[in-house]
Amino acid sequence: MNNENNMNREFSPSGEGEYFDLRAFFLKLLAHWWWFVISVSLCVMIAFYICLSSTPVYQVETKVMISDTKKGEIGVNPMMKELGLFQGNMAVENEIVELQSKNLMREVVEELDLNVRYVREGFLRDRELYNDSPVKVLVDNPGEIRDTSFHVLLDTANLVILMNLDGEKMWSGHYSESVPMGDYNLSIEPNRKVTSKEKIRVDLSSFRKTTDVFSKNLNVQILVKNTNSVLVSLKDAVPARGIAVINALVKRYNQNGIDNKRIVSEATVEFINERLDVINQELGTIERRAEDFKKTNKLTDITSDAAFVMERKKQSEAELMKLQTELDVLRSIRAAITQKRAEEFSLLPENLGLSDEGLNAGITRYNEMVLRRGKLLQSASESNPIVIGLNSQLQGLKKNIQETITNVESGLLIKLKSVEKENASVNEMLTSVPTQEKQYRDIARQQELKENLFLFLMQKREEAEIAKLIYVATAKIIEDPSAGSAPVEPKKALIMLVGLFLGVGIPVGIILLLDMLNDKVRSIDEVKRALPFPVLGDIPELSQEEVTLLRENFSLSESMQVIREKLNYMLGEKACPVLLVTSGVPGEGKTLVAAHLAKAYARAGKKTLLVGCDLRNPQLHSYLHKDYSRGLSAYLAGMEPEWRRLVHSLGENLSVLFGGDVPPNPVALLSSDRFKTLLEEMKGEYDCVILDTPPVGILADALTMVKQADACLCVVRLNVLPRGVLSSLRVLESEHHVTNCGVLVNGVSRRIHYYKYGYGNYYNKQNR
């Protein structure tokens, strides 16, 4: 018994444990099948409408090969790679960022006039026109366009009418006439012949908004890892427009790359021209010195004795000149990179013939990142994370270039000292050469040095000029753009599946929510788990016209007979049992049960007395349509000396004693010795006494009579009794030690109840 009680408490709804009856919940869902029919039908219809009314969106894709811009990196210094100046797919990822930039997309928007949309309105959805529009709208100042929409009405007479979306006429005229729109003017131009009246909606939007829309729908990603191939995709409702946008995007990207190379070449030419002006002036000065020296000293030729020595000196001076030239160029680059300018990062001259390939590659990489930073600053601020990242990389590159220049300069100085030492030894051999001749050779050497430097810079300038004229596309489309055979949006199968899921899920959710909010007892199993008393039987949910003793109800009568037999088995051979009928809260049908139970005992040949002990809210008279003003309360209060005069006969073997008027002290009356004596007198005259008592869950009246009763019948009505009150009924066992106690479940579903009693429904209909 204790184990059973523990099990009941474990799964009780009192807070000590939780239990979910899946079968009962499933049956409840089946009971609300029409909810599911309505919900599924409605949700599927809505999903179907969404599929029909949604504009199909296609995904245009193309494959693009980004050319290798690092072909000159074969001889890159390993130290440069260790410093992280050259990193695999970094260049491709940077190109992806540029392809996805809003600046590039805006150029495409302006080129294709994508901020002007032509729409033919339909019943379910609108169809956007592109090249098929009958008219074309031209704007004289597109930069001032604000979000505007209007209708264009056309007829075969070339009459054009503009109307706002509210149907109000804005303008009427003919093609090519100027239409004022505030900050700008527009004109309607024919795009194709109009054969009948047409109505087109024109949507004008700003370049910024249109750019944001297309940029959001653009996606660029690496096609295959460790390759220069990228996949460019664009979602658009018009496949032809999507193809045009991708082609224009790649074209603009290539043109911008060519422009960047031209800018670098022009900067290099400008730098070389500045150096040529300086060297030209120095060369003129040296040539005049040589001429003046020869005139002054009357020198004509070098003596044959010094021919060999002079040849050696010439070679050493040539090497010395080469080293000094490279040093001069190197220092010029250092001056350019360290020069304080308004712009922190500026372009450096390239391809100046430096012997160190790593330094050349570093300068090229630096110039590429300077150009990329300049483009980003057109649409972003200095605080942008990408700009900050580029600044950090440029600072690192500048530092690496400066360090490389220092290292290269150190190496050149070492070589220069070695050559100067050799040249000094040659000079010692020329001690016999006349001083005038020696001085002249010094002047000639300086002259030759400047001439060679001048010729070198002239060559590099020509190379830079040629580079300005060589246009090599960076990106190449290797697979023509295609929109595929079917739209990617809307996903009709998914929408229909979601609609079906919601159609099923909404009723389930509502029912589950109602169950969660419902704190009432909902099933017989729940009663069995919560109470230690046996369930003696159940009665179905009855209508208002069925809750009277004056009308026979088969199912109710059968239930009472079953309960009567179970009570007799529980009581044994009790001569005159006193049966107490109570409930947890009002409205559970305890009075109805008490009345029909008394009727069942009377039918069994038992002289039965039904006593209305609910002195606070007497309801027994309502089932019998009798006067109740004088009853049990009058007798217990001493107002009536003889209780038998208050008893009403209801037929053979059945009598009733109503509660009477409501007294001020019902508990005191029911717990009095007069009431105990009354029960003893009743047991002497009747075979069975049934007490209709107040609810035990909220009042103490019934608890005062428990000890006077031989058995207690608790009525629990489904969907009426709160779970907390159900648990409080345990006090009958725990505190009052009631042993002969049973439970009757009221309000059971008719379907379940009739299933238990077979043909009850048939007989019930026959008795009506």
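Throughout, read-outs are computed from the coordinates displayed, never taken from laboratory work. It should be emphasised that the depicted structure is a prediction, and the values quoted were computed from it without experimental measurement. Cβ coordinates were reconstructed from backbone atoms using ideal geometry, including for glycine residues, and neighbour counts include every protein chain displayed.
Descriptive notes on the structure:
- The residue list Ser176, Leu218, Ser205 was ranked by how far each Cα lies along the charge dipole of the range 159-316 toward its positive end, using unit charges on Cβ atoms, and Leu218 comes out on top.
- log10 of Debye I(q)/I(0), alpha-carbon scatterers only, for the range 681-723 at 0.19 Å⁻¹: -0.70
- Where the Cα pairs of the range 524-766 fall when distances are cut into 5 Å bins, in %: 1, 6, 15, 19, 21, 17, 12, 6, 2, 1, 0
- Length-normalised contact order for the range 162-238 - Cα pairs under 8 Å, 6+ apart - percent: 14
- Thr739, Thr195, Thr325 arranged by Cβ crowding within 10 Å, fewest neighbours leading: Thr195, Thr739, Thr325
- Neighbour-count order for Thr591, Thr227, fewest beta carbons within 10 angstrom listed first: Thr227, Thr591
- Pairs from the table (Lys209/Lys235; Lys322/Lys398; Lys314/Lys450; Lys261/Lys375; Lys102/Lys375; Lys225/Lys261) lying more than 21 angstrom apart at Cα are Lys322/Lys398; Lys225/Lys261.
- All other residues whose Cβ lies under 14 angstrom from that of Thr285 are scored, Lys and Arg at +1 and Asp and Glu at -1, for a net of -3.
- Selection from Gly589, Leu669, Phe554 lying farthest towards where the dipole of the range 524-766 points positive, charges on Cβ: Phe554
- Where trypsin sites (Lys or Arg not before Pro) fall in DSSP loop in the range 223-267, at most 16 other Cβ within 10 Å: Lys225
- Rel. contact order, % - alpha carbon contacts under 8 angstrom, at least six apart, the range 524-766: 33
- For the pair Glu465 and Ile510, a Förster radius of 56 Å applied to the C-beta separation gives a FRET efficiency near 0.10, rounded to the nearest 0.05.
- The order of Arg365, Arg616, going from fewest to most other C-beta atoms within 10 Å of their C-beta, is Arg616, Arg365.
- Placing unit charges on each Cβ (+1 for Lys and Arg, -1 for Asp and Glu) gives the range 524-766 a dipole about its Cα centre, and among Pro577, Pro532, Tyr623 the Cα reaching farthest toward its positive end belongs to Pro532.
- Cα-centre dipole for the range 524-766 with unit charges at Cβ (Lys and Arg positive, Asp and Glu negative), debye to 20: 400
- Of the GluC sites (Glu not before Pro) found in the range 498-545, those in coil by DSSP whose Cβ has at most 15 other Cβ atoms within 10 Å are Glu541.
- Shown here for the range 334-390: GluC sites (Glu not before Pro) in loop regions (DSSP other than H, G, I, E, B) with at most 15 other Cβ atoms within 10 Å, namely Glu343, Glu344, Glu382.
- Charge sum, other residues only, whose C-beta stays under 14 Å from Asn141's C-beta, Lys/Arg counted +1 and Asp/Glu -1: -4
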